[in-house]
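K.L.:
I have a structure here, written as C-alpha cells, and I will follow up with some questions on it.
The values are calculated or read from the model by the stated rules, or taken from the named source; none is laboratory data. Everything quoted here is computed from the prediction, not taken from an experiment. Neighbour counts run over all protein chains shown; Cβ positions are idealised from the backbone, glycine included. Remember, those area values only see protein heavy atoms, side chains included, never the ligands or the DNA or RNA. Shrake-Rupley method; radii C 1.70, N 1.55, O 1.52, S 1.80 Å.
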Amino acid sequence: MMQAALQHIRGRAELGMALFLLLLGAVVTIDAAQLPSSFAQRGPVGPAAVPFVVGVGLILTAFLLAVEVLRGRTADPEEGEDIDLSTGSDWRTVFMVVGVFLANTVLMEPLGWPISGALLFWGCAFAFGARRHIRNAVIGLVISFGTYFLFELVLGLSLPGGVLGGVL
Amino acid sequence: MDALSQLLQGFATAATPMNLVFAFAGVLLGTAIGVLPGIGPAMTVALLLPMTFGLDPTGSLIMFAGIYYGAMYGGSTTAILINAPGEASSVMTAIEGNLMARAGRAAQALATAAIGSFVAGTIATTLLVFTAPYIADIAIGIRPADYFAIMVLAFCAVTIMLGKSKVRGAAGLGIGLALGLIGLDPVTGQERMTYGVLELANGLDIVIIAVGLFAVGETLWVAAHLRRRPLDIIPVGRPWMSRDDWKRSWPAWIRGAFIGFPFGAIPAGGAELPTYLSYAAEKKLAKKPSMFGKGAIEGVAGPDSANNAAAAGVLVPLLTLGLPTSATAAVLLAGFQQFGIQPGPLLLDSEPELVWGLLASLFIANVLLVVLNLPLAPLWARLLRIPRHFLYAGILVFATLGVFSAGETFGLYVLLLLGLLGFAMRRFGIPLAPAIIGVILGPLAETQLRRALQLGDGDLSVLVTTPMSISIYTILILIVLATTLGGPIVRRIRRSKGTGHALVPEDKELAATAANTGTEDKAALDQVHQHR
C-alpha cells in the first residue's frame, strides 16, 4: 500500500517535468515568432527557423513524456556512490545548501571572497552534517584565503577583496 | 611530413619541463577526481576552464588531456573497491572487479586495470595519431550539408544510445538546444531569448552551464539523498600480478583496445557499448568461463581497456571534425574555444605544435598513469574515505570561484538556476550528456544548416544530395529502426526461453541488451550476478 502510494506521488511529480518542458518549448516558440525579419538575413532560413523546430520539438517531447508517465513508465532517479534512494528526499539539507549559496552570492562583493567564501564552505559543510564548527571555519578560511591569493597572484584573475580589499 | 616525424616534434613540445608539470598535474588531479565520488571528468574540466584562461593554451590543454585519461582510471578504482560505478562505462568493470576485491584480490584487479589502461591507452593513442591526419584530409572536403548530417547523427545517437529512455534523452537534448539558442543569432546578429538582458547577449557561458548542471546539480542531488551509512570499502595492498594473471590479462587488454577505439571514434559511439561487448567476448573466449561471476580477471582487464580505448577514440572526431560525442569531449571543445582555437579539419595545419604536443602528451600521460597508480593504489583507496561534507562544500566553493571568474555575480544566479535544473534532471532520469552536447553542438549545427541552404539557394534538397549525407541518413534510419524494432524482438526471444539460443545465451542477450539502448542494463547485471 505504502509503496503504491509513493509510486503514485512520484509519477505525479514527474508530470511537473513534462510541464517544464512544455513551458520551455512555448517560451522558445513564442520568442521565435516575435523575431523581426532582418535585412541582414541571407539564404532562405532566417533566425527563427531553428528555434521553431527546437520549441515544437520540446512541446512534443513534453506530451510524449506525460503519456509515458501516465502509463506508469516513470523515471529511475540517478544513482551514485553517495546516493541512497531508499529514503525520501531530505529537503532541509537542499534548502540549506541553496540558502548558503545565495548568501555567498549576495555577500561576495560587499564582504569580499576571503570572508564570504569561508562562510560558503562552513555553511555547506554544516548543511551536510559537519558539526565541528571551529575546525570547519578554520578550514574554510584557509581555503578562501588560499584561493584568493592563488587567483590574484598565480592565475592573474581578480576576486572581490571586499572589506579586506585595502589590507590584502 | 609524415605522422611519425610530426609526433617526434610533438614530443619535443610536450617534454618541456613546464608542459611535463602540466601533464603530471593533470594525471594526478584526474585520478584523484575520478576516485572521488560525484565528480566526473566533464565537471573537473569545466571547473578548471576559467582558471586556466590566463595560462598557456598548449599547457592547459595538455593538463586537460591528463585529467581526461586520469579520471578514466580513477573511475575504475572506485568501481572495483566499492561496487558503485560512477558512470555507465565502468559498470562492467565493477562486476568482476568487485567480486575479485571481495575474494581478497583487490590489488590484482586494480593492477590489471592500471596496466590495461596503459596498454589499451597506448594502442588507442597510436591509432589516434595515425588515423587523425587521414580523417582530417577527408574532412577538408566535407560540405556544410555533410557536417549537418553528421551532427544530426550525433544528436540522434546521443538521445537513442545514452540512457534508458528515448523520450528522456530527447528531453535532455531539447533543454540543451534551447539553452544554446540564448544570445545573438550567428548569421543576422539578432538577439534571441535574451529579453533585453545585457549579460545574455553573448549567450550563456558553457562553463556556467556545465558547472551548473554537473557540479551544483550533483551537490543538491546528494544533499537530498546523502547516504548516511558508511560505504563498504575494501582495503588494498600493493598491486602485483602472478604469471597466470598476466597470461589471462594481456589478450583481454589488446582485444579491449581494438573493441573500444572504433566505438569511441564514430560520432554515434559512447563508451558503454564497447565495455559490454568486451565483457561478452572475454566470457566467450575464457579458458574457464565458470570463473565469470566469481571474479574473473579477464572480466576486469577487457572492459576496462575497452573503456580507456574508447576515451581515446572520442578524440578523433573532436580534433578532426570539431565534433564532441561525449559530455567530457563537449567541455574539452569549450576549452579549445576558450583559447580561440576551433578544432576541425584545419586544426592539424593551423596549430601543428599544439595538436602534436597534445597527442604526444597523451603517451606521456599513459606512462605517468601506470607509474603513479601502481604504487599509489592504497592511497587512492583512502581518498574514498574523505568526509562527504568537506567534499561537497569544496565542490561548491570551486564552482563559485570558476563561475564568478567567467560571469560575475549574474553568472552565480544563473548557476543556481541551472543547478536546480540539474537536480530536477537527476530526479526524473533525464540524462545530462545530451544537454551538454546540445548546448555545444546546437549553434554549430544551425550555422552549418544555414550555410548549406545558402549555398543551395534555398533548395532544401541540398541537404540530402551529397554521397556522404545520403549514407549518414541511411545509417541513421537503420539505427532508429534497429532500436525501435530490435527492442521488442529481443524481449520476446528472452521471454520464450530455450528457443534460438546459441553457445552462451546470457552473453548474446547481454550484448543484445547493450545494443538495445541499454534499456534493461539492470536486468543484464542481475543475470550476471546470479552466476555467483
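Yes/no per residue for (1) open to solvent by less than 10 Å² (accessible area, probe 1.4 Å); (2) away from chain A (no Cβ under 14 Å); (3) closer than 19 Å to A:Leu111 by Cα; (4) among the hydroxyl-bearing types (Ser, Thr, Tyr):
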site: B:Asn366; (1), (2), (3), (4): yes, yes, no, no
site: B:Leu374; (1), (2), (3), (4): no, yes, no, no
site: B:Leu383; (1), (2), (3), (4): no, no, no, no
site: B:Ile386; (1), (2), (3), (4): no, no, no, no
site: B:His389; (1), (2), (3), (4): no, no, no, no
site: B:Ala393; (1), (2), (3), (4): yes, no, no, no
site: B:Phe398; (1), (2), (3), (4): no, no, yes, no
site: B:Ala406; (1), (2), (3), (4): no, no, no, no
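K.L.:
Further question: Name the single residue that is farthest from B:Ala139 (Cα to Cα) among those in region B:435-486 being among the polar types (S, T, N, Q) and under 28 Å from the mean Cα position of the chain (by Cα). Walk me through it before giving the result.
P.N.:
So in region B:435-486, the residues among the polar types (S, T, N, Q) come out as B:447-448, B:454, B:461, B:465-466, B:469, B:471, B:474, B:483-484.
Now drop any that are not under 28 Å from the mean Cα position of the chain (by Cα), which leaves B:447-448, B:469, B:471, B:474, B:483-484.
Values: B:Thr447: 17, B:Gln448: 14, B:Ser469: 13, B:Ser471: 15, B:Thr474: 19, B:Thr483: 29, B:Thr484: 31 Å.
This residue is B:Thr484.
K.L.:
If a residue has to be open to solvent by less than 20 Å² (accessible area, probe 1.4 Å) and either in contact with a His (Cβ under 9 Å, 6 or more places away or on another chain) or more than 10 Å from chain A (Cβ to nearest Cβ) (or both) to count, how many in region B:441-450 make the cut? It would help to see each step written out before you state the result.
P.N.:
The first filter runs over region B:441-450 and keeps only residues open to solvent by less than 20 Å² (accessible area, probe 1.4 Å), leaving B:441-442, B:445-446, B:450.
Subsequent filtering for residues that are either in contact with a His (Cβ under 9 Å, 6 or more places away or on another chain) or more than 10 Å from chain A (Cβ to nearest Cβ) (or both) retains B:441.
Final tally of qualifying residues: 1.
K.L.:
Can you find a residue in region B:193-212 that is in contact (Cβ under 8 Å) with a residue 40 or more places away in the chain and within 28 Å of B:Phe363 (Cβ to Cβ)?
P.N.:
yes
K.L.:
Select from region B:175-197 the residues that are out of contact with any strand residue (DSSP E or B) (no Cβ under 8 Å at 6 or more places or on another chain), at pLDDT 90 or above and over 26 Å from B:Val462 (Cβ atoms) and list them in ascending order.
P.N.:
Passing the criteria: B:Ile175, B:Gly176, B:Ala178, B:Leu179.
K.L.:
Next up: Would a scan of region B:58-69 turn up a residue that is more than 21 Å from the chain's Cα centre (by Cα) and part of a helix (DSSP H, G or I)?
P.N.:
Here is the first cut: in region B:58-69, the ones more than 21 Å from the chain's Cα centre (by Cα) are B:58-59.
Adding the requirement that they be part of a helix (DSSP H, G or I) leaves B:58-59.
Yes, region B:58-69 has at least one match.
K.L.:
Hey, another quick one. How many of the residues making up region B:360-398 are in contact (Cβ under 8 Å) with a residue 24 or more places away in the chain and either of a type in the set (D, E, K, R) or over 22 Å from B:Ile115 (Cβ atoms) (or both)?
P.N.:
8
K.L.:
Hey, does region A:119-134 have a residue that's charged (D, E, K, R) and within 7 Å of chain B (Cβ to nearest Cβ)?
P.N.:
Looking only at region A:119-134, we keep the residues that are charged (D, E, K, R), and these are A:131-132.
Of the ones still in play, those that are also within 7 Å of chain B (Cβ to nearest Cβ) are none.
No, that holds for no residue.
K.L.:
Report yes if some residue within region B:457-470 is among the charged types (D, E, K, R), in a helix (DSSP H, G or I), open to solvent by 20 Å² or more (accessible area, probe 1.4 Å) and more than 16 Å from B:Val158 (Cα to Cα); otherwise report no.
P.N.:
If we filter region B:457-470 for residues that are among the charged types (D, E, K, R), which is where we start, we get B:457, B:459.
With the extra rule that they be in a helix (DSSP H, G or I), the set shrinks to none.
No, region B:457-470 contains no residue that is among the charged types (D, E, K, R), in a helix (DSSP H, G or I), open to solvent by 20 Å² or more (accessible area, probe 1.4 Å) and more than 16 Å from B:Val158 (Cα to Cα).
K.L.:
Another question about this same structure. Could you list, ordered by first residue, the pairs with Cβ atoms under 7 Å in which the first is in region B:285-314 and free of Cβ contacts under 8 Å to residues at least 40 places away in the same chain and the second is part of a helix (DSSP H, G or I) and open to solvent by 10 Å² or more (accessible area, probe 1.4 Å), at least 6 apart or interchain?
P.N.:
Pairs found: B:Ala286/B:Glu298.
K.L.:
Here's another thing I want to ask about it. Going by the conditions given, is A:Gly72 buried (at least 20 other Cβ atoms within 10 Å of the Cβ) and more than 22 Å from the chain's Cα centre (by Cα)?
P.N.:
Working: buried (at least 20 other Cβ atoms within 10 Å of the Cβ): no; more than 22 Å from the chain's Cα centre (by Cα): yes.
Considered against the rule, which asks whether it is buried (at least 20 other Cβ atoms within 10 Å of the Cβ) and more than 22 Å from the chain's Cα centre (by Cα), A:Gly72 comes out as no.
K.L.:
I've got another one for you. Hey, among B:Ala79, B:Ala154, B:Ala136, which residue is out of contact with any Lys or Arg (no Cβ under 8 Å at 6 or more places or on another chain), touching a residue at least 24 places away in the same chain (Cβ under 8 Å) and surrounded by 22 or more Cβ atoms within 10 Å (Cβ to Cβ)? Reasoning before the result, please.
P.N.:
Working: B:Ala79 fails: touching a residue at least 24 places away in the same chain (Cβ under 8 Å); B:Ala136 fails: surrounded by 22 or more Cβ atoms within 10 Å (Cβ to Cβ).
After applying the criteria, what remains is B:Ala154.
K.L.:
Select, from B:Gly189, B:Gly169, the only residue that is in contact (Cβ under 8 Å) with a residue 24 or more places away in the chain and within 14 Å of chain A (Cβ to nearest Cβ).
P.N.:
On the way: B:Gly189 fails: in contact (Cβ under 8 Å) with a residue 24 or more places away in the chain.
Going through B:Gly189, B:Gly169 in turn, just one is in contact (Cβ under 8 Å) with a residue 24 or more places away in the chain and within 14 Å of chain A (Cβ to nearest Cβ): B:Gly169.
K.L.:
While we're on this one: Inside region B:9-54, can you point out the residues that are open to solvent by 60 Å² or more (accessible area, probe 1.4 Å), away from chain A (no Cβ under 13 Å) and aromatic (Phe, Trp, Tyr)?
P.N.:
Matches in region B:9-54: B:Phe11, B:Phe24.
K.L.:
Now, a different point. Which one of A:Gly80, A:Gly57 is at pLDDT below 90, more than 17 Å from B:Thr188 (Cβ to Cβ) and within 7 Å of another protein chain (Cβ to nearest Cβ)?
P.N.:
Details: A:Gly57 fails: at pLDDT below 90.
The unique qualifying residue is A:Gly80.
K.L.:
To continue, here is another question. With respect to A:Ala18, determine if the residue is modelled with pLDDT under 85, within 20 Å of A:Leu65 (Cα to Cα), surrounded by 13 or more Cβ atoms within 10 Å (Cβ to Cβ) and within 9 Å of chain B (Cβ to nearest Cβ). First the steps, then the outcome.
P.N.:
On the way: modelled with pLDDT under 85: no; within 20 Å of A:Leu65 (Cα to Cα): yes; surrounded by 13 or more Cβ atoms within 10 Å (Cβ to Cβ): yes; within 9 Å of chain B (Cβ to nearest Cβ): yes.
No: the conditions fail for A:Ala18.
K.L.:
Here's another thing I want to ask about it. When you check B:Met425 against the structure, is it open to solvent by 50 Å² or more (accessible area, probe 1.4 Å) and in a helix (DSSP H, G or I), yes or no? Give the derivation first.
P.N.:
Values: open to solvent by 50 Å² or more (accessible area, probe 1.4 Å): no; in a helix (DSSP H, G or I): yes.
When the stated conditions are applied, B:Met425 does not pass them.
K.L.:
Mind counting the residues in region B:53-76 that are more than 27 Å from B:Gly97 (Cα to Cα) and in contact (Cβ under 8 Å) with a residue 60 or more places away in the chain? Even if it seems obvious, please write down each step before you answer.
P.N.:
Quick first cut of region B:53-76, residues more than 27 Å from B:Gly97 (Cα to Cα) only: B:53-64.
When the remaining residues are screened for being in contact (Cβ under 8 Å) with a residue 60 or more places away in the chain, the result is B:53, B:57-58, B:60-62, B:64.
Residues in region B:53-76 being more than 27 Å from B:Gly97 (Cα to Cα) and in contact (Cβ under 8 Å) with a residue 60 or more places away in the chain: 7 in total.
K.L.:
Every residue in region A:103-118 that is free of Cβ contacts under 8 Å to residues at least 12 places away in the same chain and either facing another protein chain (nearest Cβ under 7 Å) or in contact with a Pro (Cβ under 7 Å, 6 or more places away or on another chain) (or both), please. Give the steps one after another, and end with the answer.
P.N.:
Taking region A:103-118 first, the residues free of Cβ contacts under 8 Å to residues at least 12 places away in the same chain are A:105-106.
Residue satisfying the conditions is A:Thr105 alone.
K.L.:
Something else: Within region A:85-102, is even one residue buried (at least 19 other Cβ atoms within 10 Å of the Cβ), in contact with a Lys or Arg (Cβ under 9 Å, 6 or more places away or on another chain) and at the interface with another protein chain (Cβ under 8 Å from one of its Cβ atoms)?
P.N.:
Among the residues of region A:85-102, not one is buried (at least 19 other Cβ atoms within 10 Å of the Cβ), in contact with a Lys or Arg (Cβ under 9 Å, 6 or more places away or on another chain) and at the interface with another protein chain (Cβ under 8 Å from one of its Cβ atoms), which makes the answer no.
K.L.:
Does B:Ala157 fit the bill of being of a type in the set (A, V, I, L, M, F, W, C) and modelled with pLDDT under 80? If you could, list the steps in order and put the result at the bottom.
P.N.:
Numbers: of a type in the set (A, V, I, L, M, F, W, C): yes; modelled with pLDDT under 80: yes.
Judged against the criteria, B:Ala157 is a match.
K.L.:
For B:Gly438, which of the numbered conditions (1) of a type outside the set (A, V, I, L, M); (2) open to solvent by 20 Å² or more (accessible area, probe 1.4 Å); (3) touching a Gly at 6+ places or on another chain (Cβ under 9 Å); (4) part of a helix (DSSP H, G or I) fails to hold?
P.N.:
So B:Gly438 meets the others, but not (2).
K.L.:
Considering every residue within region B:86-107, establish whether at least one is buried (at least 24 other Cβ atoms within 10 Å of the Cβ), at pLDDT below 80 and more than 16 Å from B:Pro274 (Cα to Cα).
P.N.:
Scanning region B:86-107, I find at least one residue that is buried (at least 24 other Cβ atoms within 10 Å of the Cβ), at pLDDT below 80 and more than 16 Å from B:Pro274 (Cα to Cα), so the answer is yes.
K.L.:
Have a look at A:Phe121, A:Phe128, A:Phe151 and point out the one that is out of contact with any His (no Cβ under 9 Å at 6 or more places or on another chain) and buried (at least 21 other Cβ atoms within 10 Å of the Cβ). Please lay out each step first, then the result.
P.N.:
Values: A:Phe128 fails: out of contact with any His (no Cβ under 9 Å at 6 or more places or on another chain); A:Phe151 fails: buried (at least 21 other Cβ atoms within 10 Å of the Cβ).
Testing whether each residue is out of contact with any His (no Cβ under 9 Å at 6 or more places or on another chain) and buried (at least 21 other Cβ atoms within 10 Å of the Cβ) leaves just A:Phe121.
K.L.:
Return yes or no: is A:Ala75 facing chain B (nearest Cβ under 7 Å) and touching a His at 6+ places or on another chain (Cβ under 7 Å)?
P.N.:
Details: facing chain B (nearest Cβ under 7 Å): yes; touching a His at 6+ places or on another chain (Cβ under 7 Å): no.
So A:Ala75 fails the test.
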